[in-house]
Amino acid sequence: MTKKVKRSVAPFYLVAALWLAWALLLPLYRPLDYVLAAAASVAVFILGKAIWPDKIYQIADPEAEQKSEKQEPPKAEQPQTQPPKAEKKSTGDPELDNLLRQRDMALSEMRRLNDSIEDEKLSAQIDHLEATTRKIFDLVAEKPAKKSQISRFMNYYLPTTLKLLNAYDRMDAAGVSGTNIDGTMGRIEQIMDTVVSAFDRQLDALFGDEALDISTDITVLENLLAQEGLSGDQMTAQS
């Protein structure tokens, strides 16, 4: 394998933009003007290199591979020991299959972001969001009639949360401190408490019908026990 360097063109574009802006807005007819413009160009170029560094790729060397093939004796084919990965089975319900697919994509993206983001508090919040999101989707998959209750969660809250976390991850990876980056990352950190609470309330809301049914059952049971003289207060009075 050989290394190939792909030079970033962004720093050159920045320098070109600087000269154009300088020529339009600032004087450029004295030797000192050219010296100042050159110094600014160097600073802009270094900043551009820091933000958009060169990329290094590893590519195969055909000549080296041919030499390696000549030196190494051919290996006997080994029987395949690992079974092929089983494809996920369909539930038979296209809407349910799509729901489960969205769940898996969202959870996978949360795990990726959690591995990339180093902030401990934010990482713990992403852990909580991942667990809550899984419970929400699993509950709706078990009771598809509840799908309409999470339409806004699926179409706005969840994708917007992932968008904010992706923006935080990109800005954090830039390694540059500035008004825009620091301010945006700070606002994302602040709103995450609200997001976690909103996800929890969405999960709680899915149990609304079940809680109402249980409350009704308890009321009926209490009334029947009272009619039969089997309630706690009546039993104490009889004894």
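The values are calculated or read from the model by the stated rules, or taken from the named source; none is laboratory data. Predicted model, so just to flag it, every value in this text is computed and none were measured. All Cβ positions, glycine included, derive from the backbone under ideal geometry; neighbour counts span all protein chains shown.
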**Request:** Could you please let me know if Arg170 is closer than 22 Å to Arg111 by Cα and basic (Lys, Arg)?
**Result:** yes
**Item:** Subset of the range 173-202 [in contact with a helix residue (DSSP H, G or I) (Cβ under 8 Å, 6 or more places away or on another chain) and within 15 Å of Gln125 (Cβ to Cβ)]
**Value:** Met185, Ile188, Glu189, Ile191, Met192, Asp193, Val195, Val196, Ala198, Phe199, Asp200
**Message:** Of the residues Asp169, Asp193, Asp182, only one is over 18 Å from the mean Cα position of the chain (by Cα) and on the phi < 0 side of the Ramachandran plot; which?
**Reply:** Asp182
**Complete:** Restricting attention to the range 86-126, the residues that are free of Cβ contacts under 8 Å to residues at least 40 places away in the same chain and on the phi < 0 side of the Ramachandran plot number exactly 23
**Prompt:** Is the range 130-151 home to any residue that is among the aromatic types (Phe, Trp, Tyr), surrounded by fewer than 16 Cβ atoms within 10 Å (Cβ to Cβ) and part of a helix (DSSP H, G or I)?
**Reply:** no
**Complete:** Given the conditions (1) at pLDDT 90 or above; (2) loosely packed, with under 13 Cβ neighbours inside 10 Å; (3) assigned to a helix (DSSP H, G or I), every one holds for Leu113 apart from (2)
**Prompt:** When residues of the range 91-125 are filtered for being among the aliphatic types (A, V, I, L, M) and out of contact with any Asp or Glu (no Cβ under 8 Å at 6 or more places or on another chain), how many remain?
**Reply:** 6
**Complete:** Picking from Arg201, Arg187, the residue that is in the same structural domain as Asn114 (by TED's automatic domain parsing), in a helix (DSSP H, G or I) and either over 19 Å from the mean Cα position of the chain (by Cα) or among the aromatic types (Phe, Trp, Tyr) (or both) would be Arg201
